[in-house]
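FYI, it's all coordinate maths here, none of it is from the lab. All values reported here derive from a predicted model rather than from experimental measurement. Please note: Cβ atoms are built from the backbone with ideal geometry, for glycine as well, and neighbour counts cover all protein chains shown.
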Amino acid sequence: MKTILLFGAGRSATVLIDYLLKEAENENWKIFIVDADLNLAKSKTNDSYYAEAVSFDINDEIKRKEFISKADIVISLLPPALHTIVAITCVDENKNLLTASYIDETIKNLKSTIENKELLFLCEMGLDPGIDHMSAMKMIDEIHAAGGRINSFKSHCGGLVAPESDTNPWHYKISWNPRNIVMAGKAGAIYKINNQIEKITDYFLFADCNKISVPGLYDLAYYPNRDSLSYIPLYGLEETETFIRTTLRHPDFCIGWNYIIKANLTDDDTLNAVFDVSKASIKEWLDKNIAAQSNADNFEEFLDEYVDEKDRVLVKNLFDYLDLFSNEKIPQTAKYSVDILQYLVERKLALMPNDRDMIVMVHEIESTSGNQQTTFRSTLIVKGEDSLRTAMAKTVGLPLGIAAKLILNGKIKLKGLHIPTSKEIYLPVLKELEEYGIIFHDEKITG
């Protein structure tokens with residue numbers, strides 16, 4: 001009996017656990033699900049004979065080593081900052097590791113050790129990053145195999161609310177880590193357009209977002225991801241003139257978030273540096289942050305002086321919906337302004353039990369072959385079942401589960417530190433994803 005050790009039973013783990021439990025019956029697996037909340041972990045096991053819920057502090061080295069040493073493969077859905085602890089122990093105990101998160105510097109520094117020990121660390125194996133890499137590389141490899149040269153590569157992905165569950169003016173509901181949502185764009189972005197490297201700070205990231213038309217949906221706006229350039233060599237597209245990876249949102253969301261940033265609400269300096277937090281209301285916090293960032297003393301002045309006239313009614317409605325004008329006292333647990341913003345966003349933009357979220361991914365590739373110019377476009381739309389089995393959980397979890405099965409069964413033999421850009425990974429994973437309704441629809445325009 002082979003053993004899978006999963007760290008994390010939260011929002012993104014539900015569909016992954018469902019998949020592992022289903023496959024365990026055929027594959028004779030034992031699955032240990034570790035979470036700080038034992039009841040949460042138990043709730044995801046469905047009382048399966050093949051699963052066991054466990055709870056311990058991930059910083060407990062003895063417990064961590066005990067469970068990792070018994071595993072045939074480890075999957076981590078912990079917050080990215082905690083992957084390092086798991087990764088180092090996996091190296092020490094000679095265990096393969098799967099994550100859905102970006103490769104950070106600490107894991108990069110383990111690269112030579114991972115290779116020397118002939119381990120496989122497969123990271124960025126979720127949705128974005130993950131399915132985006134696999135589907136893009138399939139297109140890129142096919143174009144190159146046919147003799148094409150890729151001139152422009154644009155990849156867009158967003159976790160959104162399905163139109164039938166869209167009931168607020170932000171046209172957005174939370175289907176993943178809320179901290180990542182409120183900190184979106186904080187690091188700015190860097191990308192390549194027409195052979196020019198463009199670098200943009202968070203202050204301007206959401207201003208004048210471009211739009212893309214998605215068949216069967218309304219137009220969506222997009223803003224550039226933090227670092228597109230690092231993927232150019234990984235995709236083998238060094239000669240490409242345009243290369244950008246972006247996040248999709250409803251256009252009204254981008255307008256509103258542009259002014260959230262300009263009102264200084266994503267600030268992560270300590271609140272005490274701005275005002276006395278013990279007595280302040282949310283409206284007072286809003287005005288104090290605006291005054292600290294601009295020449296306006298309050299929201300009303302900010303609206304008149306800094307918000308485009310055509311957007312003023314919308315921005316006021318968006319701020320009002322988040323209760324930013326409330327006389328409610330700010331949470332006493334908040335250390336930073338962004339903590340207050342997260343508190344309001346979680347409260348006002350939550351998925352209700354019967355709500356459905358939606359994933360949209362679009363790749364746009366322009367290529368030439370001889371004198372022939374061709375535009376390739378590939379679109380994925382996935383909707384969730386409800387607030388538990390979301391499209392986000394499905395598209396993050398299934399690639400991890402499928403990859404784990406392929407590795408355990410010897411179908412993926414790669415060693416070293418990887419993201420899923422190899423045919424050995426992406427062909428079988430994309431094929432099985434189609435069985436779960438994760439299917440791209442392709443267009444080809446020549447001329």
Shape of region 97-171, Cα gyration tensor, a/c cut at 1.5: oblate
Would you mind checking which residues have amide H under 5 Å from Val161's amide H? H placed 1.01 Å from N; only 5 or more apart, or other chain. Lys173, Met358
Rounded to the nearest 500, what is the chain's calculated 222 nm mean residue ellipticity when only DSSP H runs of at least 4 contribute -39500 (n - 2.57) each, over all residues? -11000 deg cm²/dmol
Could you sort 327-339, 282-294 so that the peptide with the highest average Cβ count within 10 Å comes first and the rest follow in order? 282-294, 327-339
How big is the dipole moment of the chain about its Cα centre under a simple scheme where the beta carbon of each Lys and Arg is +1, that of each Asp and Glu is -1, and everything else is neutral? Debye, nearest 20, please. 1080 debye
For region 85-125, which GluC sites (Glu not before Pro) are in a loop by DSSP, counting at most 11 other Cβ atoms within 10 Å? Glu118
Picking from Leu286, Ala13, Val382, whose Cα lies most toward the positive end of the charge dipole for the chain (charges on Cβ: Lys, Arg +1; Asp, Glu -1)? Ala13
Gaussian network model of the chain, springs between alpha carbon atoms under 10 Å - residue of Thr99, Thr45, Thr89 with greatest fluctuation: Thr89
Taking amide H positions as placed in the peptide plane 1.01 Å from N, state which residues far from Phe325 in sequence (5 or more) or on other chains have amide H under 5 Å from it. none
Choose one of Phe153, Pro178, Ile131: the residue whose Cα lies farthest towards the positive end of the charge dipole of region 129-186 (beta-carbon charges +1 Lys, Arg; -1 Asp, Glu; about the Cα centre). Pro178
Quick test of your reading: applying the under-4.7 Å Cβ rule, which cysteines of the chain are isolated? Cys90, Cys123, Cys157
Could you tell me which trypsin sites (Lys or Arg not before Pro) in region 343-447 are loop residues by DSSP with no more than 16 other beta carbons within 10 angstrom of their beta carbon? Arg389, Lys411, Lys413, Lys415
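Counting other Cβ atoms within 10 Å of each Cβ, which chymotrypsin sites (Phe, Trp or Tyr not before Pro) in region 67-158 have at most 16 and sit in a DSSP loop? Intermediate values should be presented prior to the final figure.
Values: sites: Phe67, Tyr102, Phe121, Phe153; in loops: Tyr102.
Here the chymotrypsin sites (Phe, Trp or Tyr not before Pro) that fit, given the DSSP loop and packing criteria, are Tyr102.
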Have a look at His250, His83, His144 and tell me which one the Gaussian network model of the chain (Cα, springs below 10 Å) gives the largest fluctuation. His144
Tell me which residues come under 5 Å, amide H to amide H, from Asn210 once H is placed; ignore anything under 5 positions away on its chain. Tyr222
The rounded separation in angstrom of the Cα centers of region 91-142 and region 19-72 is 22 Å
Given an 8 Å cut-off on Cα distances and at least 6 residues of separation, report the relative contact order of region 17-168 as a percent. 13 percent
If each part is reduced to its alpha-carbon centroid, region 149-175 and region 347-424 end up apart, in Å, by 13 Å
Mean separation of Cα contacts under 8 Å (at least 6 apart) over the residue count of the chain, i.e. the relative contact order in percent, is 20 percent
